[in-house]
Amino acid sequence: MSVEEVHVGPRKLEIDPKNPKEKKAGDPGYWEDQKVQERAKREFIEEKKMIENLENPAEPTAAPFQIKGSVNLGDIDVQEASRKAEAAAAEVSRKAEAATAAEREASQKKIDELTEEANKAKAALHDAELQRVSEQLTGKIETLQRAIAGGNQKTIVEQLSEVDSLAGKLGYIKPQVGPSNGDPALAIELKKLEQQMAVDDRNFQAKMAQDGREWTLKLRELDQNKVIADERLAAERDKWGAISSIPTHLGTAIAKGLVQEGGVAGGVQAKGKKPIVISANKGEAGELDCPNCGTLVAIGPTARGAICAGCGQQFSINRNPSTTPATPPATTPNPGEGEEE
Amino acid sequence: MVVHLKRYGDILLGGLLAEVSPELFKGILTELLKKTTVAEASEWVTKDYVLLEKVPPETLARLKSFSPRFGNTSWLTAEWVIEALRDDVPALASLFMGWKKGYNWLVRQVNIIQREIEESRS
């Protein structure tokens, strides 16, 4: 079974039922048939002529005109030309290399100059940066010194407020920056800057306060160290003074001993003095000033007499038996005390 | 070397203490009795208080630690105490000088102190 091409339509063989010789001009396909006949006739004539030419070759016909003469292009020496070309190429290469070298040298020189210039610029920039840092530090140091010198140094915000106030008094109007009268982003940035400045100022104040506290603590510590050192020095001085005064004390003791042995003590001196009679109630104790030297003389509750420790003046006490004793008697009687009672 | 130095130091300290012990005692006694009134001293005598009990415990402990180095304490008598008090506390000195009961009490206290020193030495 044959397969039918479905994409190409079925071929139709159309057979013209009319004989071409019978066709007339104006009939369909008349001229097509005439053209085929004429072409076939021409091809037949040409084929026939070609066969005749093959059978009877004709002599070549002379050209109608002929140009005679010659042109000498000279001798061409390829090797010479090659050598010259190589020499030229070498010359060109040499010139190119020289030019390249010169250009390279010039470039290197230019690079060196630029490098030197860049180094100079870098050094200048470095110097300028150093100068700027130095000025900033100097400014900060001066600010700190001023802040330390004067505790009531105004802050940047306060100074800005004062400048604003002064400008307002002079008639300058501060441009309103804000969402209603400017760029909101700019206003936000300005607000951020102000907040940053306030934070910086607060940090600076805190740092200053901390430095002040540390300084005060340091001063206190130094004061305490000084006090401790002074106390140590005083203690050392006292110690060495006490040690150095030992011979003096010994001498004093010896002198006192000698005086005692010689019997020139104050109490002994006054032995010859007449006793002063004073009266007191029974059991009465007290003190009185010695009429001779003014030294305080104590009288015991049951004492019958008293002696001045300053001059040795003796006192005789007359006890009045009618009154009750002010001081109770001793709980345990001791030997030798009944004499006074 | 250090041992020698310590020994010499002990000897020197002991010698110095033995030399200055009367003055040391005088200073302690004066300091103890400086603020004592005649009435208080009379009460001590009449009630027969022990003087060493009136000494602050830390001072007493220090005294006991020093007492072995005091050397001969034969100078420590009631008369010496009265003489020591005479300059700085004359009223008390006069109390013990003129009041026999007070003098006897002072003798007893001195004896007690002497005994304490001897005990600490042994």
Practice task
Please work out if B:S74 is away from every other protein chain (no Cβ under 12 Å), surrounded by fewer than 16 Cβ atoms within 10 Å (Cβ to Cβ) and not in a helix (DSSP H, G or I).
Solution key: yes
Problem - Selection count where residues are part of a loop (DSSP other than H, G, I, E, B) and at pLDDT 85 or above, scope segment A:266-292 - result: 3
Exercise for the section: Might you let me know whether segment B:91-99 holds any residue that is more than 8 Å from chain A (Cβ to nearest Cβ) and crowded, with 19+ Cβ neighbours inside 10 Å? Expected result: yes
Practice task
State which residue pairs qualify: first residue closer than 13 Å to A:K140 by Cβ and inside segment A:202-215, second residue of a type in the set (G, A, S) and modelled with pLDDT under 90 in any location, beta carbons under 6 Å apart, and separation of 6 or more residues or different chains.
Solution key: A:M208/A:A147
Handout entry: Residue selected from segment A:293-324 under the condition of a type in the set (S, T, N, Q) and in a loop (DSSP other than H, G, I, E, B), by the criterion nearest to B:V45 (Cα to Cα)
Key = A:T302
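Any chance you could count how many residues in segment B:42-71 are over 17 Å from B:L24 (Cβ atoms) and away from chain A (no Cβ under 11 Å)?
Qualifying residue count, segment B:42-71: 4.
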Fill in the blank from the handout: Subset of segment B:66-86, residues over 13 Å from the mean Cα position of the chain (by Cα) and touching a residue at least 24 places away in the same chain (Cβ under 8 Å), comes to B:P68, B:R69, B:G71, B:N72
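The values are calculated or read from the model by the stated rules, or taken from the named source; none is laboratory data. What you see is a predicted model, and the numbers here were worked out from it, not measured in a lab. With ideal geometry, Cβ positions are generated from the backbone for all residues, glycine too; neighbour counts draw on all protein chains shown.
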